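See structure below.
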Amino acid sequence: MKQKSFALALGGLLVLIFGLWLCAFQVRQSEVAVVTTFGRPTRPITNADWYVQAPWPIQRVWKFDQRVQNFESQLTESLTRDNFNLLTKVYAGWKITDPAAFFPKFAGTSEPIADAEKVLTRLLANATTAVVGKHPLSDFVSATDNGTNFVAVENEIFAAVQSQVRANNYGLDIEFLGFKKVELPEKVTESVFERMQSERKVLADKSQSEGEAEAQNIRSDADRRAAEMLANAESQATRIQGEGEAVAAQYLAVFQQNPDLANFIFRLNALEVSLKDRSTLILDQHIPPFDLFQGVSTNLLKP
Amino acid sequence: MADHPHSHDVLPEPGRGRETPIDAGSQALSEALHSSFSVIKVAMVFLVLLFLASGFFTVGPQEQAIILRFGRPVGQGQAALLGPGIHFSLPYPIDSHEKVPVAGKQEVRSTIGWYAVTPEQELAGTEPFGGASLNPVVDGYALTADNNIVHTRVTLNYRINDPIRYVFSFVSASNAVQNALDNALIYAAAHYTVDDLLYRDVLGFRETVLKRVSAVIRDQDLGVIIEQCSVQSVPPRQLKDAFDSVLKAEVNRSKVLNEARSYENQVLSKASADSSSRTNLAESDRVRLVNDVASRADQFQKLLPKYRENPGLFAQQRLTETLGRVYTNAQEKIFVAEAADGKTRELRGLFNRETPKKPEAQKP
């Protein structure tokens, strides 16, 4: 009997497991699901848990990945408001939010995600073209605006696509969106290169001539300052000499006591200093003391 | 089984209890049932074991795993992660598990701003030939704020901070990081002029990329932390010479400027030396003049009383004394007496300006 009940328990367990395999399913946090009854969606599931279903072919479970999908649009050529051709590529993150709405639109095919992305491609291309056309090129590339316009353009595209997606009730949501590429048409790159080439030439010439001009400035400035310095020194020297002369003039009062004698002494000094060395004197008997030869003024000799 | 029915009489199996065979046919049926039943039993036990064993799984050295109970992760954050080894989870549909990449360093590269280059060329360090234009599909580039074209690429290292978010909220979070990086790169390039981006503010450009990618990743809540990023930017290959010539011109310019500065230094230091020597000279002149006059005045004061005693004699005496000194000091003295008849006499001289070689010898 013991063995029989063991066998029964074992059998029961197996039936239970088989039943679970057949009638229960797990929906993960990363998934959403739709249960169809005879092909018609009857129960959307968005919460992670385990659920019971009637076995196939009565009910069937369709699970979808509800994680954020990465999506990139094609390069889209559009005209900016100021008539520049701009190629843009946009990336977006989207996910399935409403399996009940998503299922009837896309689940008929073997690749529901790829199908949904086809729709997104179309929506994104339209939205990008429309939004880019409303902005000048300077909203995309600018050295001054801190990127606020760039972000604003992205947000506008985002809002446009999101509203389209919601209006059509695709059962999905755009989570985020941004530019992946902002480029110019191939033809235009050629002319950009030409322009850059000439810009470079201008820059090279500019720095050459600026350098020379600046160097010239430095030199002439140096010359000017040197001249100024010398002139200052000259005037200072004159002033110093003037001071000296002023001090010397104070002694004038001393000489004033007897100008004749002062004059006489000065002249004697001058004579002595000027004939100090390397001089040749040519004398005759009129110059003292050689007038002695002449015998004049020798009153002392005449008794 | 039918070829050995007799054996059961001899050795009744314990499992059969005390059943008494009615006849050979029913006995054979019972035999068959019994043995197939035991086969089924073994199979059932095997199935149950298999079912339980399906809960075991292994985690490899480069990965980690998360157990999902009723679809939801067991545990939070790092605690939910199972390391390498063998693990057990309850069988489906109660538990299931998901492998996640090791929460270590991850790396993405953004090359949307770089020209098409094959891995072989990259390794060899050679550049593909640059045509006259850039095909937007093949060759990547970034537009700068002044509508110029540059090539720039960036490598970003990041760490998975929230593996549950990383794995369960994004089909491919690494692609999302890549997209954010691409976006940050063109965003940053669009707000830098070509010269700032390439030369003047390389660090600022890198900072802007980093700031933008951080902001985008934070907004999208990708569950990663950025560790570092490195940016490389070059001018278009087609314009390399033009860009080089600008650099050369700038080098040249600083050379010219340096030369000018050294000239400036030279001129100014010479002028400063000259002017100080000029003022020093003036100073010494002044001192000499003042001293000179002072000593003369002194001398005058002393002489004055003597002069007043006998002016004529005093003058005569001073004059003669001085003349005597003058004549003594004079190098050559020529005395020409007046002709007796009072006529003019002619004197011829040859003067040599050459400096005498022995000035010392003449002093005494």
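The values are calculated or read from the model by the stated rules, or taken from the named source; none is laboratory data. Predicted model, so just to flag it, every value in this text is computed and none were measured. Note: ideal-geometry Cβ built from the backbone for every residue, glycine included; neighbour counts use all protein chains shown. We work out accessible area using only protein heavy atoms, side chains counted, and drop any ligands, DNA or RNA first. Shrake-Rupley method; radii C 1.70, N 1.55, O 1.52, S 1.80 Å.
Can you find a residue in segment A:34-43 that is in contact with a Phe, Trp or Tyr (Cβ under 6 Å, 6 or more places away or on another chain), facing chain B (nearest Cβ under 8 Å) and open to solvent by less than 60 Å² (accessible area, probe 1.4 Å)? No: zero hits. The one condition from (1) touching a residue at least 40 places away in the same chain (Cβ under 8 Å); (2) open to solvent by 60 Å² or more (accessible area, probe 1.4 Å); (3) out of contact with any helix residue (DSSP H, G or I) (no Cβ under 7 Å at 6 or more places or on another chain) that A:P185 does not meet is (2).
If you go through segment A:249-269 and pick out every residue that is more than 7 Å from every other protein chain (Cβ to nearest Cβ) and open to solvent by 60 Å² or more (accessible area, probe 1.4 Å), you end up with 9.
For segment A:222-242, a residue qualifies if it is farther than 27 Å from B:R286 by Cβ and either more than 7 Å from chain B (Cβ to nearest Cβ) or in contact with a Lys or Arg (Cβ under 6 Å, 6 or more places away or on another chain) (or both), and exactly one does: A:R224.
Exactly one residue out of A:F102, A:F140 is touching a residue at least 60 places away in the same chain (Cβ under 8 Å), touching a Leu at 6+ places or on another chain (Cβ under 8 Å) and away from chain B (no Cβ under 13 Å): that is A:F102.
Yes/no per residue for (1) surrounded by 11 or more Cβ atoms within 10 Å (Cβ to Cβ); (2) modelled with pLDDT under 85; (3) in a loop (DSSP other than H, G, I, E, B); (4) in contact with a helix residue (DSSP H, G or I) (Cβ under 8 Å, 6 or more places away or on another chain):
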| residue | (1), (2), (3), (4) |
| --- | --- |
| B:S284 | yes, no, no, no |
| B:V293 | yes, no, no, yes |
| B:I334 | yes, yes, no, no |
| B:A339 | no, yes, yes, no |
| B:K343 | no, yes, yes, no |
| B:R353 | no, yes, yes, no |
| B:P364 | no, yes, yes, no |
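Of the strands (runs of 3 or more DSSP E) contained entirely in segment A:39-90, those carrying at least 1 residues that are farther than 19 Å from B:L68 by Cα fall at A:40-45, A:59-65, A:69-72, A:76-79. Can you pull out the residues in segment B:151-183 that are outside any strand (DSSP E or B) and more than 9 Å from every other protein chain (Cβ to nearest Cβ)? B:N161, B:D162, B:P163, B:R165, B:Y166, B:S174, B:V177, B:L181, listed by residue number.
Residue-level analysis places A:D145 among those that are of a type outside the set (G, A, S) and at pLDDT below 90. Could we say that A:L79 is within 30 Å of B:N135 (Cα to Cα), touching a strand residue (DSSP E or B) at 6+ places or on another chain (Cβ under 8 Å), more than 10 Å from every other protein chain (Cβ to nearest Cβ) and modelled with pLDDT of 85 or more here? Yes: the conditions hold for A:L79. Scan segment A:1-30 for residues that are open to solvent by 40 Å² or more (accessible area, probe 1.4 Å) and touching a residue at least 24 places away in the same chain (Cβ under 8 Å) and the total you get is 1. May I ask you to say which residue of A:A92, A:A130 is assigned by TED's automatic domain parsing to the domain that holds A:S73, in contact (Cβ under 8 Å) with a residue 40 or more places away in the chain and at negative phi? Every option except A:A92 fails the conditions. Taking the criterion of being within 13 Å of chain B (Cβ to nearest Cβ) and either touching a Lys or Arg at 6+ places or on another chain (Cβ under 9 Å) or charged (D, E, K, R) (or both), the residues of segment A:148-167 that qualify are A:V153, A:E154.
When B:V251, B:V326 are checked against the criterion of being among the β-branched types (V, I, T), facing chain A (nearest Cβ under 8 Å) and out of contact with any Ser or Thr (no Cβ under 6 Å at 6 or more places or on another chain), B:V326 stands alone in meeting it. In segment A:199-215, the residues that are facing another protein chain (nearest Cβ under 7 Å) form Cβ pairs under 6 Å with partners that are open to solvent by 70 Å² or more (accessible area, probe 1.4 Å), at six or more places apart or across chains, as follows: A:S207/B:E250. Taking the conditions (1) part of a helix (DSSP H, G or I); (2) more than 7 Å from chain B (Cβ to nearest Cβ); (3) aromatic (F, W, Y) in turn, A:Y170 satisfies each one other than (1). Residue-level check: of (1) within 8 Å of chain A (Cβ to nearest Cβ); (2) more than 30 Å from B:D139 (Cβ to Cβ); (3) at pLDDT 90 or above, B:N280 misses just (1).
Note on segment B:209-254: among residues that are touching a helix residue (DSSP H, G or I) at 6+ places or on another chain (Cβ under 6 Å) and among the basic types (K, R), the one that is most open to solvent (accessible area, probe 1.4 Å) is B:R253. Any chance segment B:78-96 includes a residue that's part of a strand (DSSP E or B), over 38 Å from the mean Cα position of the chain (by Cα) and within 14 Å of another protein chain (Cβ to nearest Cβ)? Taking every residue of segment B:78-96 in turn, at least one turns out to be part of a strand (DSSP E or B), over 38 Å from the mean Cα position of the chain (by Cα) and within 14 Å of another protein chain (Cβ to nearest Cβ). Under the condition of being in a loop (DSSP other than H, G, I, E, B) and open to solvent by 50 Å² or more (accessible area, probe 1.4 Å), the residues counted in segment B:37-68 number 3. Summed over segment A:134-160, residues that are assigned to a loop (DSSP other than H, G, I, E, B) and touching a Gly at 6+ places or on another chain (Cβ under 8 Å) total 0. Pairing each residue of segment B:30-49 that is at pLDDT below 85 with any residue that is open to solvent by less than 50 Å² (accessible area, probe 1.4 Å) and assigned to a helix (DSSP H, G or I), provided the two are 6+ apart or on different chains, yields C-beta distances under 6 Å for B:K41/A:A7; B:M44/A:L10; B:M44/A:L14; B:L47/A:L14.
Of all the listed residues (B:G113, B:G55), the sole one being touching a residue at least 60 places away in the same chain (Cβ under 8 Å) and touching a Leu at 6+ places or on another chain (Cβ under 6 Å) is B:G113. For segment A:133-155, filtering for residues that are within 30 Å of A:V32 (Cα to Cα) and buried (at least 17 other Cβ atoms within 10 Å of the Cβ) leaves 1. Could you tell me whether B:G71 is modelled with pLDDT under 80, under 29 Å from A:Y51 (Cα atoms) and surrounded by 14 or more Cβ atoms within 10 Å (Cβ to Cβ)? It is true that B:G71 is modelled with pLDDT under 80, under 29 Å from A:Y51 (Cα atoms) and surrounded by 14 or more Cβ atoms within 10 Å (Cβ to Cβ). Of the numbered criteria (1) surrounded by fewer than 17 Cβ atoms within 10 Å (Cβ to Cβ); (2) at positive phi, the one B:T126 fails is (2).
Does B:Y187 satisfy the criteria of being of a type outside the set (G, A, S), outside any strand (DSSP E or B) and more than 28 Å from A:T144 (Cα to Cα)? Considered against the rule, which asks whether it is of a type outside the set (G, A, S), outside any strand (DSSP E or B) and more than 28 Å from A:T144 (Cα to Cα), B:Y187 comes out as no. Within segment B:248-266, the residues that satisfy the criterion of being among the acidic types (D, E) and more than 15 Å from A:V202 (Cα to Cα) are B:E259, B:E264. Answer yes or no: is there a residue in segment B:136-150 that is surrounded by 20 or more Cβ atoms within 10 Å (Cβ to Cβ) and more than 9 Å from chain A (Cβ to nearest Cβ). Yes.
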